[in-house]
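Please read the structure below before turning to the comments.
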Amino acid sequence: MNIYKQIFKEIKKYNTIVIARHIGADPDALGAQFAFKNIILRLFPDKKVYAVGNPASRFKFFGNNDRIDDICTNNALLVVVDTPDLKRIDGANPSDFEYVIKIDHHPVIDTFGNIEYIDDNACSTSQLILEFVYANKLQLTKEEAELLFLGIVGDTDRFLHDYTSSKTFELVARLLNETDINFTSLYKKLYHRPLVEVKFEGYIYSNLTVTENGVAYIKLTDKLMKEYGVDSAAAGNMINDLKFVDEIVIWIFLSEDVKSNLIRANIRSVGPYVNELASRFGGGGHIFASGARLKTWEDADKLIEAYDNLMIEYKKLN
């Protein structure tokens, strides 16, 4: 049986379904999560379907998250989207559920689902949800189509990234033809931002450190971000803009998050793969786009040094 049909078969069985995604939610995680919730509720209005996780204030237009404190999960289904590892699941514990389905496009880190569908060639988990829809011959509402389009656009950065494939374009073309969404107006939701963030971006570009091996990095303290009126999530959203700088091969944004008592490392590359090294620091992700959660600035320095050494080896081979 086709994997998407297997997933649909399990969805039909359960009256209570919880959909979770990773901490620090991005447009792909939210698009996949809320689109999937809406699709299931539309097809099965008598089911109880919850989208859980901490709110993402920047992306609140995707939908409002639910709490499951009072929900009996013993006979419930958990669907985890866009999350390869247990420690990054936000708002749900797979061991509390009768059945678990994982749908993801990251390389495998942890195995925790009864059904695990992982396609690390897909540009996004939103693409996989779209494939689920078409594989089961379902229709999309305009709202569902918008959520999935935003998820795909968010993870591909408007189809710029290498893992955007012909399949991605074929699926998106079908979505646009069948739902007639106004996709140009949707870009405003993702890319418009306040002036304070533009000024903060100017600070980042003016204060980047670039090693002689082509590793760029910047340390963004809580004090600095407060001075500019931004949060740690704002810095992470700016990182892709350095992809086309000649002198930079790997770049790292290190943002202090005092609420979580950690330092968020966002790592990008146009050369060596960065996910394996990120996993050594408790993180992971895609081969050219990864992240890690560090405890101290000393750990941050070790991470920078490790990536600089990676670039030395990369240069020897290239």
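The values are calculated or read from the model by the stated rules, or taken from the named source; none is laboratory data. From a predicted model like this one, the values you see are computed outputs, not experimental measurements. So basically every Cβ, Gly included, is an ideal-geometry build from the backbone, and we count neighbours across all protein chains shown.
Descriptive notes on the structure:
- Just one of (1) at pLDDT below 95; (2) within 22 Å of Asn65 (Cα to Cα) fails for Pro107. It is (2).
- Matching option when the condition is touching a Pro at 6+ places or on another chain (Cβ under 8 Å), among the polar types (S, T, N, Q) and outside the structural domain of Ile239 (by TED's automatic domain parsing), among Asn75, Asn64: Asn64
- Count - residues of the range 8-53 that are surrounded by fewer than 18 Cβ atoms within 10 Å (Cβ to Cβ), under 19 Å from Ile89 (Cβ atoms) and in contact with a helix residue (DSSP H, G or I) (Cβ under 9 Å, 6 or more places away or on another chain): 1
- Search result, residues across the range 87-108 that are under 15 Å from the mean Cα position of the chain (by Cα) and more than 24 Å from Leu43 (Cα to Cα): Lys87, Arg88, Ile89, Asp90, His105, His106, Pro107, Val108
Matching residues to (1) under 22 Å from Phe200 (Cα atoms); (2) of a type outside the set (Gly, Ala, Ser):
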{"site": "Met225", "(1), (2)": "yes, yes"}
{"site": "Ser232", "(1), (2)": "yes, no"}
{"site": "Lys243", "(1), (2)": "yes, yes"}
{"site": "Lys259", "(1), (2)": "yes, yes"}
{"site": "Phe281", "(1), (2)": "no, yes"}
{"site": "Ile287", "(1), (2)": "no, yes"}
{"site": "Leu303", "(1), (2)": "no, yes"}
{"site": "Tyr307", "(1), (2)": "no, yes"}
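- Cross-chain or 6+ apart pairs with Cβ under 6 Å, the range 95-122 first and not assigned by TED's automatic domain parsing to the domain that holds Leu148, then surrounded by 22 or more Cβ atoms within 10 Å (Cβ to Cβ) and of a type in the set (S, T, N, Q): none
- Yes/no for Lys5 being outside any loop (DSSP other than H, G, I, E, B), surrounded by fewer than 21 Cβ atoms within 10 Å (Cβ to Cβ), over 16 Å from the mean Cα position of the chain (by Cα) and free of Cβ contacts under 8 Å to residues at least 40 places away in the same chain: no
- Filtered by the rule that a residue be of a type in the set (Lys, Arg) and not in a helix (DSSP H, G or I), the range 56-67 gives a lone residue, Arg67.
- Test: Asp70 is more than 26 Å from Glu143 (Cα to Cα) and either modelled with pLDDT of 95 or more or part of a loop (DSSP other than H, G, I, E, B) (or both): yes
Per-residue answers, yes or no, for (1) acidic (Asp, Glu); (2) within 29 Å of Asn54 (Cα to Cα); (3) touching a residue at least 40 places away in the same chain (Cβ under 8 Å):
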| site | (1), (2), (3) |
| --- | --- |
| Ala216 | no, no, no |
| Lys219 | no, yes, yes |
| Lys223 | no, yes, no |
| Phe253 | no, yes, yes |
| Lys259 | no, yes, no |
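- For the range 190-204, the set of residues classified as surrounded by 10 or more Cβ atoms within 10 Å (Cβ to Cβ) and either touching a residue at least 12 places away in the same chain (Cβ under 8 Å) or in a loop (DSSP other than H, G, I, E, B) (or both) consists of Leu190, Arg193, Pro194, Val196, Glu197, Lys199, Phe200, Glu201, Tyr203, Ile204, listed by residue number.
- Qualifying position, being closer than 23 Å to Asp155 by Cα, of a type outside the set (Val, Ile, Thr) and outside any helix (DSSP H, G or I), among Ala92, Ala25, Ala35, Ala29: Ala25
- Selected residue (only one of Glu227, Glu298, Glu276, Glu247 is among the charged types (D, E, K, R) and under 18 Å from the mean Cα position of the chain (by Cα)): Glu276
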